[in-house]
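Peer 1: Have a look at this one.
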2 protein chains.
Amino acid sequence: VNTGDPIDLAAKLRSFDELWSPRIIGEANGQYLKLAKGEGTLEWHSHEHEDEVFLCLEGRLVLELREREVVLEPGQLFIVPKGVEHRPRAEPRASVLLFEPKQTRHLGEGEDPRAVAVEDQPWI
Amino acid sequence: VNTGDPIDLAAKLRSFDELWSPRIIGEANGQYLKLAKGEGTLEWHSHEHEDEVFLCLEGRLVLELREREVVLEPGQLFIVPKGVEHRPRAEPRASVLLFEPKQTRHLGEGEDPRAVAVEDQPWI
């Protein structure tokens with residue numbers, strides 16, 4: 001069994017600059033651990049079958065929901081349940097750890113050109 | 001849909017003192033997010049069917065494996081794959097975020113009296 005190496009989140013974050021483009025850093029129980037960086041506002045979307053865990057690591061991530069906003073600063077996390085529409089907004093920048101099922105589509109069924117196909121999300 | 005409140009990890013950690021006694025802070029995709037604190041060494045164990053994600057938040061957590069040790073400091077994570085024997089050791093103390101399937105037994109099939117049954121792990 002290859003049990004891998006420990007993963008240093010800060011070092012992994014330093015290894016890429018692309019915005020709203022998740023990187024996969026690990027896999028457990030059919031789910032991926034991912035890192036993403038953002039600036040500004042992404043698209044409204046939801047995931048029909050997948051809950052999505054967001055842990056803010058740097059900056060400030062606002063999760064807009066249809067009836068309120070959730071503000072996450074470093075060390076704060078939020079779980080967006082499946083089916084709940086949300087729009088991530090970084091104020092002005094944020095880095096986030098995501099935990100979600102492997103098949104989770106980046107921006108749900110939306111057509112945002114920034115959406116990255118699951119098979120195109122690189123491991124780092 | 002109750003989408004809950006944001007979860008502040010530091011505040012949650014301040015809310016309990018018990019060692020090696022996981023607290024559940026969230027649920028996503030059939031998995032629990034948990035916080036645990038430790039001092040000293042726990043028991044060797046493995047989980048036959050579950051991978052286990054450890055993210056060190058405070059202190060230093062050493063995951064002893066049979067052939068090596070993985071040292072985790074704050075901001076570092078490690079995934080113990082299912083079936084891999086491990087023994088957590090806090091040097092001298094550590095706080096950790098865990099992500100694992102709901103049915104994961106605290107210390108596997110081991111008989112350590114410190115093992116906490118899944119149904120006895122409280123939400124905080």
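Peer 1: Put a dot 7 Å past each Cα toward the Cβ at A:S15 and B:Q103; how far apart are the dots in nm?
Peer 2: Inter-label distance under the simple model: 3.4 nm.
Peer 1: Separate question: Given a 10 angstrom Cα cut-off, can you work out which residue in B:E52, B:E43, B:E67 is the most mobile in a GNM of chain B?
Peer 2: Among B:E52, B:E43, B:E67, the largest mean-square fluctuation in the Gaussian network model of chain B belongs to B:E67.
Peer 1: What does the buried accessible surface come to for A and B, summed over both chains, with the probe at 1.4 Å? Round to 100 Å².
Peer 2: Roughly 2600 Å² of accessible surface disappears when A and B pair.
Peer 1: Sort shortest first the distances from B:P113 to its counterpart in every other copy, using label points 7 Å along the Cα-to-beta-carbon line, and give them in nm.
Peer 2: 6.7
Peer 1: So, one more: Sequence gap of 8 or more, or different chains, plus Cα separation below 15 Å: how many lysine pairs satisfy both in the stretch A:1-110?
Peer 2: Close lysine pairs found across the stretch A:1-110: 4.
Peer 1: Another question, if that's okay. Measuring nothing but label to label, 7 Å from Cα along Cα→Cβ, what are A:V84's distances to the other copies in nm, shortest first?
Peer 2: 3.2
Peer 1: Keeping every protein chain present and rolling a 1.4 Å probe, give me the accessible area per residue for the stretch A:54-116 in Å².
Peer 2: It amounts to 46 Å² per residue over the stretch A:54-116.
Peer 1: Nearest-to-axis residue of chain A, judged by Cβ, for the A-to-B rotation, with distance in whole Å?
Peer 2: A:F99, 3
Peer 1: If you don't mind, there's one more thing I want to ask. Could you let me know the centre-to-centre spacing of the stretch B:57-124 and the stretch A:50-100, using Cα atoms, in angstrom?
Peer 2: So the separation of the two Cα centres works out to 26 Å.
Peer 1: How about the stretch B:32-78: which of its residues lose at least 20 Å² of accessible area in the presence of all protein chains relative to their chain isolated, using a 1.4 Å probe?
Peer 2: The answer is B:L33, B:D51, B:V53, B:L55, B:R68, B:G75, B:Q76, B:L77, B:F78 - residues whose exposure falls by at least 20 Å² when every protein chain is included.
Peer 1: Could you go through the stretch A:26-33 in sequence order and give the Karplus-derived ³J(HN,Hα) for each residue, using 6.51 cos²θ - 1.76 cosθ + 1.60 with θ = phi - 60°, rounded to whole Hz, and x for Gly and Pro?
Peer 2: x, 9, 8, 6, x, 10, 9, 8
Peer 1: Taking θ as phi - 60°, what are the ³J(HN,Hα) couplings along the stretch B:57-63 by the Karplus curve (6.51, -1.76, 1.60), each to the nearest whole Hz, with x for Gly and Pro?
Peer 2: Computed from phi, the couplings for the stretch B:57-63 are 10, 8, x, 9, 10, 9, 9 Hz.
The values are calculated or read from the model by the stated rules, or taken from the named source; none is laboratory data. Please read these numbers as outputs of a predicted model, since none were measured by experiment. Ideal geometry is used to build each Cβ from the backbone, glycine not excepted, and the neighbour counts take in all protein chains shown. Note: areas computed on protein heavy atoms with side chains; ligands, DNA, RNA excluded. Shrake-Rupley method; radii C 1.70, N 1.55, O 1.52, S 1.80 Å.
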